[in-house]
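The values are calculated or read from the model by the stated rules, or taken from the named source; none is laboratory data. Keep in mind the model is a prediction, meaning the values are calculated, not measured. Neighbour counts run over all protein chains shown; Cβ positions are idealised from the backbone, glycine included. Keep in mind that these areas ignore ligands, DNA and RNA; they rest on the heavy atoms of the full protein, side chains included. Shrake-Rupley method; radii C 1.70, N 1.55, O 1.52, S 1.80 Å.
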Amino acid sequence: MRRLEVSTSGKWYLVLTIALGVVALLTANNVLYLAESLLLSGLILSGVLSERAIWNVNVTLLPSEVIAGEESQDRVRVRNPTRSLFFCIEVGQWKGKKRERWAYFPRLGAYEERVQRSLQVFPSRGLNTRDGIYLSTAYPFGFAKKIRFIEAPDTRLVWPGPRQKKSSAPHFNHARRAGAPTPILGEVRAFEEGDSWADVAWKLSARGNGWWVRPRRPEKVQSTVTLELQGTTKAE
């Protein structure tokens, strides 16, 4: 399957070719006929060279494990089995009407094989499917991009990316409440959220085995009872 995408310069080239051809027919000028022939020859030459490139180049994807949100480690291998020299080869995958480029090869010599890293990034995890692979080139004049679609359906598993790691440093509660319990000497426990910074065993925590705090023993609260006695006076 083929597709031709005409560039802006290619559209102006076609307009010039058609306009010059009309003028040549109306005036019967041999110089204009010659110019028109050169313009048409350029179109034919561009079509032939681009078709040779996308028809003869072989492409192979060397897949690897892919992780969502990270650059792919896939490799794209292209090979030129002919003695011809090809330029501006673009390789990618297609699904429906959407295309995604894998790699771009500015030059591919005779009988040359080149490997390049894929530029794919998979945004989300899950199964990623494709309908096939495409090759395209705008060589030699850039008038249009000729695309060859190769049916090669495939499904790949995209692994989830690493979750954002939480900070291992505890968030200390600097507020001290009145009547706080007193620390128990000789005893430690792992840090828990809500512990006070004053209870951290800094020397032990500095060894790198996590954060440790000294547990506290609740203080005894002494209750005070106040009895107010008011005498009553009799009215005379």
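Structure summary
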quantity: FRET efficiency, Y111 to W55 (Cβ-Cβ, R0 25 Å, nearest 0.05); calculated: 0.95
quantity: Added length on full extension, which subtracts the Cα-Cα distance from 0.36 nm per residue, E100 to N29; calculated: 20.8 nm
quantity: Rough spin-label spacing in nm, given labels placed 7 Å along Cα→Cβ, for R77 and F141; calculated: 3.7 nm
quantity: W159, W212, W94, W55, reordered so the largest accessible area comes first (probe 1.4 Å); calculated: W55, W159, W212, W94
quantity: Eligible aspartates and glutamates near K146 by straight Cα distance, threshold 18 Å, same-chain separation 8 or greater; calculated: E5, E51, E90, E100
quantity: Added length on full extension, which subtracts the Cα-Cα distance from 0.36 nm per residue, L45 to D131; calculated: 27.9 nm
quantity: Assigned charges on the beta-carbon of Lys, Arg, Asp, Glu; region 23-100 dipole about Cα centre (debye); calculated: 240 debye
